[in-house]
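Remarks on the structure that follows.
The values are calculated or read from the model by the stated rules, or taken from the named source; none is laboratory data. Bear in mind that the values here come from a model prediction, so they are computed numbers and not experimental data. Note that each Cβ is placed from the backbone with ideal geometry, even for glycine, and that neighbours are counted across all protein chains shown.
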Amino acid sequence: MPSYFHLHLVSDSTGETLRAISKAAIVQYGEVRAIEHVHPLVRTPKQLERVLQEIEQTPGIVLYTIVAQELGSELEASCARLKLPCVPVLDSIMKVFDSYLGAPHSPVVGGQHVLDADYFRRIDALNFTMLHDDGHVPDDLDKADIVILGISRTSKTPTSIYLANRGYKTANIPLVLGLPLPPQIEKPTKAFIVGLVANPERIAQIRRHRVMTLADRPLGDYVDRDQIAKEVAFSRHLCQRHGWPLIDVTRRSIEETAAAIIQYLEARKSGLAMPSESHNG
């Protein structure tokens, strides 16, 4: 088994779809590293020619999403001459859609990135989220879709940004032991409120790394395991008292945390019982 391989992602759009698909496959091979070559916005024969030159210089697996049939055919033919695998990753999926719907699809370059209402909703959500990061502008929290609470280093900001990219206006508020919450949180609100916690050892590790990297504060209680345990207990008690769901993010990625939050939110909208896996830790 090689220790690394070259992976060419060829797209007539941004290449984000290919990157997401390839990442899901690559993580299954923990002992091999992929050297990614992303070739976005390939829409002319001249642009494809440059891509083919690089593929020939660094041969490897080729994945592509190209609407223009003549460009896709040329890419496949060139890879066949080089004896390289070349996969049109969406073709098999589109064939299933065509068969089930009983109608052919109409190819659209970068169709997932069109400037429609959903796109502007996500931009609006991202602007709101950045404005309401780390407890700023608490007066209009009622306009948020989601409010995330958590002590320092529980991934509040990256989770909020990820949710904003999904179209959810998300505010996050730091929990500090001994300090009251913004009064807006204590009032009835349309926003969905959720708390994040993590294992004290994990939080201490992340905080220690941050302090050593940024030197933005003394170590002291900030990285003390016992003090952090009190902060975690405070978070749990607060969420339990208010009936807010609590998610342990110790072994969760940002994407998994966001997915759990969305699951809670959708359950509340549907009037269903909250998922039991993470409720109150």
From the set of residues in region 34-90 that are in contact with a Pro (Cβ under 9 Å, 6 or more places away or on another chain) and of a type in the set (S, T, N, Q), which is nearest to residue 10 (Cα to Cα)?
-> 65
Has region 224-231 got at least one residue that is in contact with a strand residue (DSSP E or B) (Cβ under 9 Å, 6 or more places away or on another chain) and surrounded by fewer than 16 Cβ atoms within 10 Å (Cβ to Cβ)?
-> no
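Listed here are the residues, each with its yes/no results for (1) at pLDDT 95 or above; (2) touching a Ser or Thr at 6+ places or on another chain (Cβ under 6 Å).
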position	(1), (2)
121	no, no
135	no, no
138	no, no
142	no, yes
169	yes, no
172	yes, yes
Some residue of region 78-91 being part of a helix (DSSP H, G or I), surrounded by 13 or more Cβ atoms within 10 Å (Cβ to Cβ) and at pLDDT 95 or above | yes
When you look at residue 27, is it out of contact with any strand residue (DSSP E or B) (no Cβ under 9 Å at 6 or more places or on another chain), over 22 Å from residue 5 (Cβ atoms) and among the hydrophobic types (A, V, I, L, M, F, W, C), yes or no?
-> no
Failed criterion for residue 158 (all others in (1) buried (at least 20 other Cβ atoms within 10 Å of the Cβ); (2) closer than 18 Å to residue 195 by Cα hold) = (1)
Residues satisfying the stated conditions in region 23-70, i.e. more than 22 Å from the chain's Cα centre (by Cα), within 27 Å of residue 94 (Cα to Cα) and polar (S, T, N, Q) | 44, 47, 69
What about residue 96, is it modelled with pLDDT of 90 or more and not polar (S, T, N, Q)?
-> no
At least 1 residues that are assigned by TED's automatic domain parsing to the domain that holds residue 261 and over 24 Å from the mean Cα position of the chain (by Cα) in each: list the helices (runs of 4 or more DSSP H) lying fully within region 129-236 that qualify.
-> 183-186, 200-214
Does residue 109 qualify as being modelled with pLDDT under 90, surrounded by 12 or more Cβ atoms within 10 Å (Cβ to Cβ) and out of contact with any Gly (no Cβ under 7 Å at 6 or more places or on another chain)?
-> yes
Looking only at region 68-79, which residues are within 22 Å of residue 36 (Cβ to Cβ) and hydrophobic (A, V, I, L, M, F, W, C)?
-> 71, 75, 79
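Per-residue answers, yes or no, for (1) within 30 Å of residue 104 (Cα to Cα); (2) of a type in the set (S, T, N, Q); (3) in a helix (DSSP H, G or I); (4) in contact with a helix residue (DSSP H, G or I) (Cβ under 7 Å, 6 or more places away or on another chain):
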{"position": "2", "(1), (2), (3), (4)": "no, no, no, no"}
{"position": "6", "(1), (2), (3), (4)": "no, no, no, no"}
{"position": "30", "(1), (2), (3), (4)": "no, no, no, no"}
{"position": "46", "(1), (2), (3), (4)": "yes, no, yes, no"}
{"position": "51", "(1), (2), (3), (4)": "yes, no, yes, no"}
{"position": "64", "(1), (2), (3), (4)": "yes, no, no, yes"}
{"position": "67", "(1), (2), (3), (4)": "yes, no, no, no"}
{"position": "75", "(1), (2), (3), (4)": "yes, no, yes, yes"}
Does residue 6 qualify as being in contact with a Pro (Cβ under 9 Å, 6 or more places away or on another chain), under 30 Å from residue 165 (Cα atoms) and of a type outside the set (A, V, I, L, M)?
-> yes
Sort through 15, 30 and tell me the only one that's in the same structural domain as residue 84 (by TED's automatic domain parsing) and at positive phi.
-> 15
